[in-house]
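The values are calculated or read from the model by the stated rules, or taken from the named source; none is laboratory data. This structure is a prediction, so every number in the text was calculated from the model and none was measured. Cβ placement follows ideal geometry from the backbone for every residue including glycine, while neighbour counts extend to all protein chains displayed.
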Amino acid sequence: MAESDLALIGAWQSPFVLRARVALNIKNLQYVFHEETFGNKSELLLKSNPVHKKIPVLLHSGKSICESLIIVEYIDEVWSSSGHAILPSDPYGRAIARFWAAYIDEKFFPSLRSIAVVQDEAGKKAAVEQVITGISLLEKAFGESSKGKPFFGGDHIGYLDIAFGGMLGWIKVTETIAGLKLIDPETTPQLAQWAEKFIHDPAVSGVFPDIGTLTEYSKVVIAKLRGSAGAK
Amino acid sequence: MGDEEVKLFRTWSSPYALRIVWALKLKGVEYETIYEEVSHKSDLLIGYNPIHKKVPVLVHNGKPIAESLVILEYIDETWKQHPLLSDQPHQRALARFWAKFGDEKVLPAIWEAFTKQGKEQEEALSTAVENLKYLEEELKGKKLFGGEEIGLVDIALGWLANLVSVFEEITGLKLIPEEKFPLLFNWMQVFADIPVIKESWPPRDKLVAKFHSIREASLAKEAEKDK
């Protein structure tokens, strides 16, 4: 695979970009990484994702693929004989994985983000509750999905591991900033063990953000987001 | 596939549930319908979808699947006749993209335009127009979003072919004018006329009454907030 054939537009901090990078690593793919600067979108990004103007965008032989979970499925389908399968082979397993991934994107992540950004106490409390609920649901889902194996996907990192694992950096940052315990050996023993395995997996460790750096960065972002949110 | 048990939990009006009706009918899959009332959901539904407690839920041989786009992919993978997605990965990625775009951008903008008035409505309409332009562009050179046959995107956007005219009747607004969106306007007619689609529309007078109440309630709520 010629390196110039495959590229990813992204940024080190993005949990969504991380999903795409883990998928690319699982399939042992070489690619060019175009790093975006926060607050200054490149021409390439605007051209490749004119609808949303967001990262990640996968560029493959002149085609652009947008939306992190769509990119992960694309990678799994195109390079189906490389590495290991990302989605389960049975339709029901795939449906369960997709259901939880949708939950993470539609309910979990917006609340996680809210914890840091929202300034009124009631809003913050609601966001924290939603996140804690989400994590306890995922702890239960882990038990059902993994069937005693290390990952949601079983022996190897799968689609739901990628969908949720991408969030781990920001989960840890939120724990620090908000003084919360979200994934914790006492309350969520399975997820606590899973998180360590995920972060140290060869497909993840090279691209997982440094938590200290991410925490510092998050303070800048939060100030910016609060600035624009506070204007309402 | 031999002895299968396929059940669909729906309400009479849910556009999300209607997607599943269309997919099952297009593929000729036999199924049992269980109608739910929004105000009084059955224990069975809540048991099958404890997270969201919503329709649609598909139960196949006792196993429940929730979230309409997830259900559509499950149906396509389980019953191979009349495929809803191409077998080309890039085409599949594009279809998934547009289905998601419909739900995350088009639907909320149109809903906002329908449930608000004055400046908020104007802004929502403006956003809706921007989003609809992308759909119009996507239809260039095609009869349906899926090409010659209905696909995932047609099913995901199919609610437009019915509810837009209901919303237009209630508000007096032109949400998808033919002059501005000739391809989309044409698509709505073509889609609505497909036999399986045509026979499945909920009764129009009931829809008009229902959405009229929703709009009234929404406007009343806004008026309370402004006091």
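Table for the structure above
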| read-out | value |
| --- | --- |
| Pairs where the first residue, in the stretch B:35-54, is farther than 14 Å from A:PHE99 by Cβ and the second is in a loop (DSSP other than H, G, I, E, B) and of a type in the set (Ser, Thr, Tyr), C-beta under 7 Å, 6+ apart | B:TYR35/B:THR11; B:GLU36/B:THR11; B:GLU36/B:SER42; B:VAL38/B:THR11 |
| From A:GLY169, A:GLY179, A:GLY154, A:GLY165, residue being surrounded by fewer than 16 Cβ atoms within 10 Å (Cβ to Cβ) and not assigned by TED's automatic domain parsing to the domain that holds A:GLN30 | A:GLY179 |
| Residue list for the stretch A:77-86, restricted to those being crowded, with 18+ Cβ neighbours inside 10 Å and within 7 Å of another protein chain (Cβ to nearest Cβ) | A:VAL78 |
| Test: residue in the stretch B:77-94 that is over 30 Å from A:VAL78 (Cα atoms) and touching a Lys or Arg at 6+ places or on another chain (Cβ under 7 Å) | no |
| Given (1) buried (at least 21 other Cβ atoms within 10 Å of the Cβ); (2) over 26 Å from B:GLU73 (Cα atoms); (3) of a type in the set (Val, Ile, Thr), index of the condition A:ILE71 fails | (2) |
| Residue match in the stretch A:109-122 (condition: within 10 Å of chain B (Cβ to nearest Cβ) and either closer than 15 Å to A:LEU182 by Cβ or assigned to a helix (DSSP H, G or I) (or both)) | no |
| Among (1) of a type outside the set (Ser, Thr, Tyr); (2) closer than 22 Å to A:LEU24 by Cβ; (3) part of a helix (DSSP H, G or I) - the single one A:PHE142 does not satisfy | (2) |
| Residues located in the stretch B:33-51, provided they are closer than 27 Å to A:SER136 by Cβ and of a type in the set (Phe, Trp, Tyr) | B:TYR48 |
| Where a residue in the stretch A:113-137 is without any contact (Cβ under 8 Å) to a residue 24 or more places away in the chain and its partner, wherever it lies, is assigned to a helix (DSSP H, G or I) and among the acidic types (Asp, Glu), with Cβ under 7 Å and at least six apart | none |
| Positions within the stretch B:59-74 being under 16 Å from the mean Cα position of the chain (by Cα) and at negative phi, in sequence order | B:ALA66, B:SER68, B:LEU69, B:VAL70, B:ILE71, B:LEU72, B:GLU73 |
| Residue list for the stretch B:7-54, restricted to those being among the aliphatic types (A, V, I, L, M), assigned to a helix (DSSP H, G or I) and farther than 17 Å from B:ALA156 by Cβ | B:LEU44, B:LEU45, B:ILE46 |
| Selection count where residues are without any contact (Cβ under 8 Å) to a residue 60 or more places away in the chain, part of a loop (DSSP other than H, G, I, E, B) and closer than 29 Å to A:THR215 by Cβ, scope the stretch A:1-38 | 4 |
| Residues (surrounded by 15 or more Cβ atoms within 10 Å (Cβ to Cβ), free of Cβ contacts under 8 Å to residues at least 24 places away in the same chain and either more than 14 Å from every other protein chain (Cβ to nearest Cβ) or not in a helix (DSSP H, G or I) (or both)) located in the stretch B:55-81 | B:PRO64, B:ILE65, B:ALA66, B:GLU67 |
| Extreme residue, farthest from the other protein chains (Cβ to nearest Cβ), among residues of the stretch A:87-108 that are of a type in the set (A, V, I, L, M) and part of a helix (DSSP H, G or I) | A:ILE104 |
| Pick from the stretch A:55-72, criterion free of Cβ contacts under 8 Å to residues at least 24 places away in the same chain and either in contact with a Pro (Cβ under 9 Å, 6 or more places away or on another chain) or more than 11 Å from chain B (Cβ to nearest Cβ) (or both), ranking: farthest from A:LEU8 (Cα to Cα) | A:GLU67 |
| Subset of the stretch B:87-119 that is away from chain A (no Cβ under 11 Å) and polar (S, T, N, Q) - its residue that is surrounded by the most Cβ atoms within 10 Å (Cβ to Cβ) | B:THR115 |
| Residues satisfying the stated conditions in the stretch B:128-142, i.e. in a helix (DSSP H, G or I) and over 19 Å from the mean Cα position of the chain (by Cα) | B:GLU130, B:GLU137 |
| Flag for A:SER145 being buried (at least 21 other Cβ atoms within 10 Å of the Cβ), closer than 30 Å to B:ASP87 by Cα, more than 11 Å from chain B (Cβ to nearest Cβ) and not basic (Lys, Arg) | yes |
| The stretch A:87-108: number of residues that are of a type in the set (A, V, I, L, M, F, W, C) and under 13 Å from B:LEU69 (Cβ atoms) | 4 |
